[in-house]
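Here's the structure, in structure tokens; my notes come after.
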Amino acid sequence: MKDFRIFAHRGASGTEPENTLRSFRRALELGAVWVELDVRAVEDALVVFHDERLDRRTDGTGLVADRSLAYIRSLDAGEGEKIPLLGEVMDMLAGRSGVNIELKGSRTALPAAELLSDAVRSGGWSPDRILVSSFDPSELAVFRSRCPGIPVGALFKDIPSDLNAIQGGLGCVSAHLARNHVTPEFAEQAHLLGMKVYVYTVNRMGDARRLKNMGVDGIFTDYPERFIGKCGASS
């Protein structure tokens, strides 16, 4: 399984509180060369958090979008960890791994473009170590208009009806699809369009091998330790 990319999904989220500095630190310790995270806009900041609501992953309640940044930063996200800002995670990961940033909800594209442009200009990051993805093509379009040098990937819940139009409109370098929906035909079509195929969320070696045999280029996993060193994880 040489050159098969392993993304540590929300860090080492199978064993650590997801999307926390602790989870990303553990992923690095396990040898992850790519991590995945989610961002939401709160006031003028981007917080690293997946859900719309705070209830599942913190000791807080309510919609993330309805809460103040001060309130969100005061919460326990597990094991005493705080919900980090994107800038904090980028500082920790710089020079140590690549990062796939998923834009969740609205108003994420512009602050992400500004922060990531600054990260590249400062020399701490190179564009090829950043991948920005989203289920929302309008957010990806806004991001691309402001930050054309950083690659983007399109997320899908099911096989899209017109991958060619999506790729042509956004210039995506990758298509991200759920493990139960990807097919060899989809992988072939994506490759003909110059796109990689990354699949979420894969936690069993048998599934990883099946997907690799389909032509998939990498997976997102909650347990990077199960695959790193066993799948020929690529840089």
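The values are calculated or read from the model by the stated rules, or taken from the named source; none is laboratory data. Source: prediction; values computed, not measured. FYI the Cβ positions are ideal-geometry reconstructions off the backbone, even for glycines, and counts take in every protein chain you see.
Some observations on this one:
- Qualifying residue in the range 47-64 (condition: within 14 Å of the chain's Cα centre (by Cα), modelled with pLDDT of 95 or more, within 25 Å of residue 147 (Cβ to Cβ) and of a type in the set (A, V, I, L, M)): yes
- Residue 140 under 19 Å from residue 200 (Cβ atoms) and touching a strand residue (DSSP E or B) at 6+ places or on another chain (Cβ under 7 Å): yes
- Leading residue by the ranking (surrounded by the most Cβ atoms within 10 Å (Cβ to Cβ)) among those in the range 19-43 that are assigned to a loop (DSSP other than H, G, I, E, B) and touching a residue at least 40 places away in the same chain (Cβ under 8 Å): 19
- Among the conditions (1) surrounded by 14 or more Cβ atoms within 10 Å (Cβ to Cβ); (2) touching a residue at least 24 places away in the same chain (Cβ under 8 Å); (3) over 16 Å from the mean Cα position of the chain (by Cα), residue 79 misses just one, which is (1).
- Checking each residue in the range 179-235 for being among the small types (Gly, Ala, Ser) and either free of Cβ contacts under 8 Å to residues at least 12 places away in the same chain or crowded, with 16+ Cβ neighbours inside 10 Å (or both) picks out 187, 190, 206, 208, 215, 218, 233.
- Test: residue in the range 1-13 that is modelled with pLDDT under 95, under 27 Å from residue 214 (Cα atoms) and of a type in the set (A, V, I, L, M): yes
- The lone exception for residue 43 - which of (1) on the phi < 0 side of the Ramachandran plot; (2) modelled with pLDDT of 95 or more; (3) acidic (Asp, Glu) it fails: (1)
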